[in-house]
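Structure first, then comments.
The values are calculated or read from the model by the stated rules, or taken from the named source; none is laboratory data. Since the structure is predicted, the reported quantities are computational estimates derived from the model, not experimental observations. Positions of Cβ are generated from backbone atoms using ideal geometry, with glycine treated the same way; all protein chains shown enter the neighbour counts. To get the accessible areas, we keep the full protein, side chains included, count just its heavy atoms, and leave off ligands, DNA and RNA. Shrake-Rupley method; radii C 1.70, N 1.55, O 1.52, S 1.80 Å.
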Amino acid sequence: MASKADSLPYPSAAKISDSPCFPQQTASLKCLEQYNSDKSKCQEYFAVYKECKRKEREARLERNKSRSLFS
């Protein structure tokens, strides 16, 4: 019997913790907790997370390009 994650179109998106950017996201949130939500002290963490998400999105678009119905 297939698991729920196997039936999803994007198994890696089944859980946030499965994301390749989960460590960067966690680090950003921990920074905010440590500095009482003072975003100015966590900009480096945000930049690293943002770059990771950008790369993740580019990889997903590249993967999906071969699946497109319109190409």
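A few notes on this one:
- For the stretch 26-44, a residue qualifies if it is touching a Phe, Trp or Tyr at 6+ places or on another chain (Cβ under 6 Å) and either within 21 Å of Arg60 (Cβ to Cβ) or open to solvent by 90 Å² or more (accessible area, probe 1.4 Å) (or both), and the qualifying residues are Ser28, Lys41.
- Yes/no for Ala47 being modelled with pLDDT under 90 and open to solvent by less than 100 Å² (accessible area, probe 1.4 Å): no
- Output for the stretch 26-68, where each listed residue is in a helix (DSSP H, G or I), farther than 16 Å from Ile16 by Cα and polar (S, T, N, Q): Gln34, Ser40, Gln43, Asn64
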